[in-house]
Structures are given as C-alpha cells and as structure tokens.
Amino acid sequence: MRGGGWDTAIPTRSCRTICGPTPVAGGASWQTTTGAWRVWTIRWDRAFCFYYEDNLNLLRELGAELVEFSPIADSELPAGLDGIDLGGGYPELHAEALSSNYRMKAAITGFVSTDRPVYAECGGFMYLTENIVDEGRE
C-alpha cells in the first residue's frame, strides 16, 4: 500500500546467504557469534500462518530455538534473534494492518540491515516488498 503503507522497501538486497553451504540434517550445525541460532517464526498470525513442519523440525535439529511473534500485533522483534523465518500466508488480506505497523516495519528493516539471515517464502516474501497490489489496490 502506498501513502499509509510501505514508504520504502525493506532492503532485501542486503539479505544474502551468510551460512555457507546448505546444512545437511544430522551432520552439520550452524554457528553464530553466540554459538547457537535463535530464529523466530510468525505462525498463528492471521497474515502469516503457513510453515512446512519439516523445515521447522530441521531448524530445531540444527539447534534453533523458535520464537513466535506477530507482525500485526507486536511493535518490536523479540530480543536476541540470529535469524528470521517469514513463512507463507495472506498478507494481501491484512495489508492495511501490516502497513500501518510502522514500528515493526522499522524493526525488520533494521534487522535486515545487520546482514543476519532472513528466509522468506510466498506471503513472507511479499511482506518484504515495497508494496502489494491486490485487485488494483496498492
């Protein structure tokens, strides 16, 4: 949405692979400066409600602690995050609520600018774009 929506895009060009090769379940582990990954998920939010359970299980096997939050209802990210997983869903149905949460957008933009990993698919990727056009509305 323009105007009351996304004023600028989250700089997805800053999102780049920093983990090296794709880890193999059971054989590899991810490391950060703190020694363990803490990844948040946004399941159960009405805009982002779709995750592949196998992917979440793999993250857990690799030592991730999954922390839930809502980009609609919360105004800041949980503390101590090492990575973000934005799953699928229907942000276009909740574009007004998402785009009016300026504090959350600023928090995610700030997180992305630190070059920590961000994984987004489908609706999660749509959320990171400059705007969403749905039936002629932005």
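The values are calculated or read from the model by the stated rules, or taken from the named source; none is laboratory data. Because the structure is predicted, anything quoted here is derived from the model rather than measured. Reconstructed Cβ throughout: ideal geometry from the backbone, glycine too, with neighbour counts over all protein chains shown.
For the stretch 55-78, name all the residues that are of a type in the set (Asp, Glu) and either closer than 28 Å to Ser99 by Cα or touching a strand residue (DSSP E or B) at 6+ places or on another chain (Cβ under 7 Å) (or both).
Of the stretch 55-78, the ones of a type in the set (Asp, Glu) are 61, 65, 68, 74, 76.
Passing the criteria: Glu65, Glu68, Asp74, Glu76.
Between Glu76, Glu130, Glu65, which is touching a helix residue (DSSP H, G or I) at 6+ places or on another chain (Cβ under 6 Å) and more than 16 Å from Phe48 (Cβ to Cβ)?
Testing whether each residue is touching a helix residue (DSSP H, G or I) at 6+ places or on another chain (Cβ under 6 Å) and more than 16 Å from Phe48 (Cβ to Cβ) leaves just Glu76.
Tell me which residues, restricted to the stretch 97-123, are within 18 Å of Gly87 (Cα to Cα) and part of a helix (DSSP H, G or I).
Those that are within 18 Å of Gly87 (Cα to Cα) and part of a helix (DSSP H, G or I): Ala97, Leu98, Ser99, Met104, Lys105, Ala107, Ile108, Thr109, Phe111, Val112, Gly123.
When the residues of the stretch 123-136 are filtered to those that are among the aliphatic types (A, V, I, L, M) and over 10 Å from the mean Cα position of the chain (by Cα), which remaining residue is modelled with the highest pLDDT?
Only one residue tops the list, namely Met126.
Okay, residues lined up against (1) surrounded by fewer than 18 Cβ atoms within 10 Å (Cβ to Cβ); (2) among the β-branched types (Val, Ile, Thr):
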{"position": "Ser99", "(1), (2)": "no, no"}
{"position": "Arg103", "(1), (2)": "yes, no"}
{"position": "Gly110", "(1), (2)": "yes, no"}
{"position": "Phe125", "(1), (2)": "yes, no"}
{"position": "Ile132", "(1), (2)": "no, yes"}
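Taking the condition of being closer than 19 Å to Tyr51 by Cβ, modelled with pLDDT under 90 and among the charged types (D, E, K, R), how many residues in the stretch 88-122 meet it?
1
For the stretch 86-93, does any single residue satisfy the condition of being surrounded by fewer than 16 Cβ atoms within 10 Å (Cβ to Cβ) and farther than 15 Å from Arg46 by Cα?
To start, the set of residues in the stretch 86-93 that are surrounded by fewer than 16 Cβ atoms within 10 Å (Cβ to Cβ) comprises 93.
Still in the list and also farther than 15 Å from Arg46 by Cα: none.
Checking the stretch 86-93: not a single residue is surrounded by fewer than 16 Cβ atoms within 10 Å (Cβ to Cβ) and farther than 15 Å from Arg46 by Cα.
Are there any pairs, at least 6 apart or on different chains, whose C-beta atoms fall under 9 Å, with the first in the stretch 118-136 and closer than 12 Å to Glu92 by Cα and without any contact (Cβ under 8 Å) to a residue 40 or more places away in the chain and the second assigned to a loop (DSSP other than H, G, I, E, B) and hydrophobic (A, V, I, L, M, F, W, C), and if so, which?
Met126/Ile132
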